[in-house]
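Every number here is computed from the coordinates shown, using simple stated rules; none is lab data. All figures in this text were calculated on a predicted structure; none of them were measured in a lab. Heads up, the Cβs are rebuilt from the backbone with ideal geometry, glycines too, and the neighbour counts pull from every protein chain shown.
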Amino acid sequence: MLRTSQVRRVLVAMTAFASVAAWQAAPAAAAGPLKDITNRYVGSAVAANPLASQADYRSVLTREFDNVTPENEMKWAVVEPNRGQYNWSGADAIVNYAQQNGKSVRGHTLVWHSQLPGWVNNLSAAELRTAMQRHITTAMGRYKGKIRAWDVVNEMFNDNGTRRQSVFQQKLGDGYVADAFRWARAADPAAKLYINDYNTEGLNAKSDALYNLVRTLKQQGVPIDGVGIQAHLATQYGFPGGYQANIDRFAALGLDVAITEADVRVQLPADAAKLNTQASYFKQLWDGCHAVARCVEFTTWGFTDRHSWVPGTFPGEGAACLFDTNLQPKPAYTRINP
Ligand code: 9MR
């Protein structure tokens, strides 16, 4: 079956063929937007505020991408700040945008130690288990049929491969992961269910732990469909070794792989050399995903340096996205889409 982006590409090609003279007269241009040069979903994290208030942000997003991931709007602390009091306004806005513009949505994220509302920390084990099930069921149920893939469990490992001692791990034990996936499957059987983490791009202790876990979950019949590799990179640390082999080994387990949060930060001020290194990292990320049939999605964590989590978290670093603050494509963009 042809994806919409492929259909679009065929139509573009036919149109170009029909008007060869006009085509030849036109100045050199990129082959087309990102979403039209790949048969993977190509996405970005989006924030509801600029989506609503900045026409240029919205228009570049709509032009270039066919997947959106709410950057913060579906997190537990945002949707249920007080027990039983829900706020879906930002999440609804992004899902509505996606529906109206034919974009796929990656739901982010259900079970995560961070951006948890305070009340979750004060529950007994039994209450926490019920609350977790209710949260998964409520969020997934609200958007049933409108979300292609969900990050069900996020960032459950420490960098050394041990389990993070989150409130879920401490109170519910190892089994919380399988429970979360089973509840998620029941809530929206059509959604692809992912485990997602950072510093798992290359072959290392953390990606080994993730690999061993998902292999075991598959053996046990736990309904998991994919592994999300975040890909928050920084040029000063080098490109992760074994990236391609790592994607390969997850795919070989019969799982989909998605690059879910790609960005490549540089030490400020950015200059041509740093942006060139950044471009080569983005290109390697992109190519590695495209080399494996089961790598089905390439999503960046924001598309413009105008809106990025990086400077607020890593002072002195930034410029991590494909487009600059004026929404002009950077060398990283043209390296991927010459
Ligand atoms: O980009 C998000 C930022 O606006 C939030 O303040 C932050 C809170 O922890 O979360 C950021 O997104 C994170 C994502 O949800 C999970 N992986 C790491 C991302 C960057 O921190």
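Here the Karplus relation 6.51 cos²θ - 1.76 cosθ + 1.60, evaluated at θ = phi - 60°, turns the backbone of region 48-58 into coupling constants of 5, 4, x, 4, 7, 10, 10, 4, 5, 4, 4 Hz, with x for every Gly and Pro.
Quick check of the Kirkwood formula: for the chain, what is the inverse mean of 1/r over all pairs of different Cα atoms, in Å? Could you put the intermediate results ahead of the total?
On the way: mean 1/r = 0.0483 Å⁻¹.
Taking the inverse mean of 1/r over all distinct Cα pairs, the chain comes out at 20.7 Å.
Between Thr138 and Ala291, the FRET efficiency estimated from the beta carbon spacing at R0 = 51 angstrom works out to 0.85.
Amide H contacts under 5 Å for Cys295: Val257, restricted to partners 5 or more places along the chain or on a different chain, H placed in the peptide plane at 1.01 Å from N.
Using DSSP, restrict attention to beta bridges with both residues in the chain and report what percent are antiparallel, rounded to the nearest 5.
That works out to approximately 10 percent antiparallel.
Considering only alpha-carbon pairs that sit under 8 angstrom and 6 or more positions apart, the relative contact order computed for the chain is 15 percent. Computed from Cα atoms, the angle from the helix 4-18 axis to the main principal axis of the chain rounds to 0 degrees.
Cysteines in the chain that lack a partner Cβ within the 4.7 Å cut-off: Cys321. Kirkwood radius for region 115-222, taken over all pairs of different Cα atoms as the inverse mean of 1/r, rounds to 14.7 Å. Summing Cβ point charges (Lys, Arg +1; Asp, Glu -1) relative to the Cα centre of region 188-338 gives a dipole of roughly 180 debye. GNM on the chain, alpha-carbon springs under 10 angstrom: the most fluctuating residue among Gln267, Gln133, Gln219 is Gln219. Under the convention that each Lys and Arg Cβ holds +1 and each Asp and Glu Cβ holds -1, the size of the dipole of region 166-238 around its Cα centre is about 140 debye. Of Gln278, Gln165, Gln220, the residue with the greatest mean-square motion in the GNM of the chain, using alpha carbon springs below 10 Å, is Gln220. A Cβ-based charge dipole, computed about the Cα centre of the chain with Lys and Arg at +1 and Asp and Glu at -1, lands at about 720 debye. In plain terms, the residue of His290, His108 with the fewest other Cβ atoms within 10 Å comes first and the most crowded comes last, giving His290, His108.
Around Thr260, which amide H atoms from residues at least 5 apart in sequence, or from another chain, sit under 5 Å from its own amide H, with H modelled in the peptide plane? When sequence neighbours closer than 5 places are left aside, the close amide H contacts are Ile229, Gln230, Thr299.
Rounded to the nearest 500 deg cm²/dmol, what is the calculated helix-only ellipticity per residue at 222 nm for the chain, with -39500 (n - 2.57) per DSSP H run of length n ≥ 4? Could the numbers behind the result be given before it?
On the way: 15 runs with 148 residues, N = 338.
So the calculated ellipticity at 222 nm is -13000 deg cm²/dmol.
The relative contact order of region 219-286, computed from alpha carbon pairs under 8 Å that lie at least 6 residues apart in sequence, is 40 percent. Here the Karplus curve 6.51 cos²θ - 1.76 cosθ + 1.60, taken at θ = phi - 60°, turns the phi angles of region 286-293 into couplings of 4, 5, x, 5, 6, 7, 10, 4 Hz, with x standing for Gly and Pro.
Given 0.36 nm per residue, what is the gain on full extension from Ala125 to Asn101 after removing their alpha carbon distance, in nm? Before the final figure, lay out each step's value.
On the way: separation 24, 0.36 × 24 = 8.64 nm, distance 4.19 nm.
Extra length available between Ala125 and Asn101 comes to 4.5 nm.
Compared with the dominant Cα axis of the chain, that is its longest principal axis, helix 89-101 is turned about 40°. Let me confirm the definition first: pairs of Lys residues in the chain, 8 or more apart or on different chains, C-alpha distance under 13 Å. How many are there? Step by step, the pairs that qualify in the chain add up to 6. Largest mean-square fluctuation among Lys218, Lys35, Lys103, in a Gaussian network model of the chain whose springs join Cα atoms under 10 Å apart, belongs to Lys218.
Using θ = phi - 60° in the Karplus curve 6.51 cos²θ - 1.76 cosθ + 1.60, the 3J(HN,Hα) couplings for region 135-151 round to 4, 4, 5, 5, 5, 5, x, 4, 10, 3, x, 10, 10, 5, 9, 10, 7 Hz; x is entered for Gly and Pro. Under a 5 Å amide H cut-off, with hydrogens placed 1.01 Å from N, Arg106 pairs with Val68, Thr69 among residues at least 5 apart or on other chains.
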